[in-house]
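Working notes for the structure below.
Read the figures in this text as sums done on the coordinates, not as results from a lab. Since the model is a prediction, treat every value here as computed from it, not as a measurement. FYI the Cβ positions are ideal-geometry reconstructions off the backbone, even for glycines, and counts take in every protein chain you see.
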2 protein chains.
Amino acid sequence: MPCVSESTPVPDARTRLATAAVDAFAARGFHGTTTRDISTTAGMSPAALYVHHRSKEELLFELARVGHLRVLELVRTSVAGIADPVEQLGRLVEDFVRDHAEEHTGARVINYELSALTDEHLAAIRAIRHDIDVVVRGVLDRGVAAGVFSTPDVRMTALAILSLGIDVARWYRDEGRWTPDQVAAHYRLLALRMVGAA
Amino acid sequence: MPCVSESTPVPDARTRLATAAVDAFAARGFHGTTTRDISTTAGMSPAALYVHHRSKEELLFELARVGHLRVLELVRTSVAGIADPVEQLGRLVEDFVRDHAEEHTGARVINYELSALTDEHLAAIRAIRHDIDVVVRGVLDRGVAAGVFSTPDVRMTALAILSLGIDVARWYRDEGRWTPDQVAAHYRLLALRMVGAA
DNA sequence: GCGGGCTGACTAAGCGCTTGCTTACCATGC
DNA sequence: GCATGGTAAGCAAGCGCTTAGTCAGCCCGC
C-alpha cells in the first residue's frame, strides 16, 4: 500500500512534472514555457525532465493524449445506460461543460496548444477528438430519428455544442461569477434549446 | 496620386509586416514566432521590424487593438437602425460568426494570443472586449423586456453566444465543409433558439 | 553492489533587439 | 535646374542572453 499520510504527500516526480507542465503551458503556452520553468516548479534540475520524457514536445503529447482519453471516457460514460436522447444530450453537455470549467487549466492545454505537436502526434490526438465527435453526433442522430430533436444540420450542431463546451475553458475563471455546476446547468438548457428540445 | 497598376501592387512595409505577423502568430503562436519569421516573410531584414514597432509585443498589441476595434464596430453596425430585438440578435450573430469564419486567422490571434501581452496592454484590450459584451447584453435585455426572449441568466447567455462565435475561429478551415455564410446562417438559428425566440 | 533517479556543468543553436551605416526621397534656396 | 540639408526606411553584422537538450558521475534503496 502506498504512503498514507495525513497531510498531502509529495507526488512522485512524473506527476509533479505533469502538473507543473500543465500549469505552465496553460498560463504561458507551449513555446512560452521553458523546460526550466517546468523542472524547477516540479522541484528538480533541468536535466531531470529528460529522465521521464524524451522532449518537451513528447511531454505535451503525453498530457494531450491522457487528457483527451479522459474526456472521451467522460462523454461515453455520460450517455451510457440512458435510452432517451434528450436525457442523453442533457447529461453529456452537463458533464462536458462542468469538466471544462473545473479542469479549465488542463482543458486549455489540450485544446489550444495542439499546434505545437508534430504531425504524427497531432494525428493521434485528432483521432481521439473524432471519437468524441462521433458520440455527440450519435446522440443527435438518435434524437432526430426519434422526432425529439430538430436541426437543419446534425454535423454542424454537434460541432457547435462541443465548441460551446470547449470555449468554457478559455473564459472560465475560478474566482469568477459562476460555479462549474451553474455553468453546466445553464449550458444544458442552451444545448437542448439548440436542438429544439426545450 | 499613388501607383495605379493592373496587378496587385506590393503593400507598404507596415502592412506587409502586419500581414506576416498575423499569419505567423496564428500558425505558431506569439512565442513560437521569431522576429526573423515576420521580417523575412515581409521581405525585410530583422532590423526593419524595429523601424515600425518598438518590440514584438507592441506589434501584437497593435494587431489586437485594431482587430478588436474592428469587431466592436462590426457588432455596433449590426444592431444599428433595427428596432426588433429578434432581428438585432439574428443580424449580430450572423455578422459576428461570418466574420470569425472569414477572418479566422486574425481572429485566432486576437482571441488566443492575449496572454503574451503586458498587463497594461491586456487591460486596454479587455476594455474593448467589455464594450462588445455590452452590445450583446443590451440586445438580450431589450428582448427579455419585450417578452420575445426568455433566459434564466442574461449575462451567461450573452457570454455563451459570443463564446460560440469566437470558437468558430478555432475550428473553421477554409478548405472545410461549410462556407462562412452557411455557418453564419446556422448559428443565427442556434442563437435565436438559445433565447427561446425560434 | 548495482541500477534507476537525479544533478551540475556543459554545448550548440537560436533568440530579441541594437548598432553603424547606406540609400531614397523631398522641400527649400537660388 | 540643381546643390543642400534633413528625415525616414532599410540593411549587414553582431551583442548579450536564453534556449532545448546532453552527459559523466553521484546517491540511495533494494
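Structural remarks
- Considering only B:L159, B:L114, B:L72, the mean-square fluctuation computed in a Gaussian network model of chain B, springs between alpha carbons under 10 angstrom, is largest for B:L159.
- Cα shape, the range A:55-194, gyration tensor, a/c 1.5 rule: oblate
- Under a model in which nothing but the beta-carbon of Lys, Arg (+1) and Asp, Glu (-1) is charged, chain A shows a dipole of about 240 debye around its Cα centre.
- When the Cα gyration tensor is reduced to axis lengths a ≥ b ≥ c, the ratio a/c is 1.5 or higher for the protein assembly as shown, and with a/b not above b/c it is classed as oblate.
- For the range A:14-95, taking the reciprocal of the average inverse distance between every pair of different Cα atoms yields a Kirkwood hydrodynamic radius of 14.5 Å.
- With K and R counted +1 and D and E -1, the other residues having a Cβ less than 13 Å from that of A:T105 yield a net charge of -2.
- For B:I110, A:I82, order by how many other beta-carbon atoms lie within 10 Å, fewest first: A:I82, B:I110
- Three-way shape label, the range A:113-198, alpha-carbon gyration tensor, a/c 1.5: oblate
- Note: relative contact order over chain B, using C-alpha pairs below 8 Å and six or more positions apart, is 25 percent.
- Mean ellipticity per residue at 222 nm, deg cm²/dmol - from DSSP H runs of n ≥ 4 across the protein assembly as shown, formula -39500 (n - 2.57): -23000 deg cm²/dmol
- Dipole magnitude for the range B:18-124: computed about the Cα centre from +1 point charges on Lys and Arg Cβ and -1 point charges on Asp and Glu Cβ, it is near 320 debye.
- Annotation for B:A47 and B:A146: the two label points, set 7 Å from Cα along the Cα-Cβ direction, are 6.1 nm apart.
- Applying a DSSP loop filter and a limit of 10 other Cβ atoms within 10 Å to the GluC sites (Glu not before Pro) in the range B:48-95 leaves nothing.
- Sparsely packed GluC sites (Glu not before Pro) within the range B:111-176, loop by DSSP, other Cβ within 10 Å at most 13: B:E175
- Candidate membrane-span-like segments in chain B, meaning DSSP H helices with Cα atoms spread over at least 24 Å of their own axis and a Kyte-Doolittle mean of 0.0 or above, are B:56-79, B:119-145, B:154-171, with no membrane implied.
- Treating r as the C-beta distance of A:D181 and B:R54 and R0 as 51 Å, the FRET efficiency rounds to 0.65.
- The A:V66 and A:R28 beta-carbon pair, evaluated with R₀ = 22 Å, returns a calculated FRET efficiency of approximately 0.60.
- Whole-Å distance, taken between Cα centres, linking the range B:42-80 and the range A:138-160: 40 Å
- For the options B:S78, B:S163, B:S39, a Gaussian network treatment of chain B with springs between C-alpha atoms closer than 10 Å singles out B:S163 as fluctuating the most.
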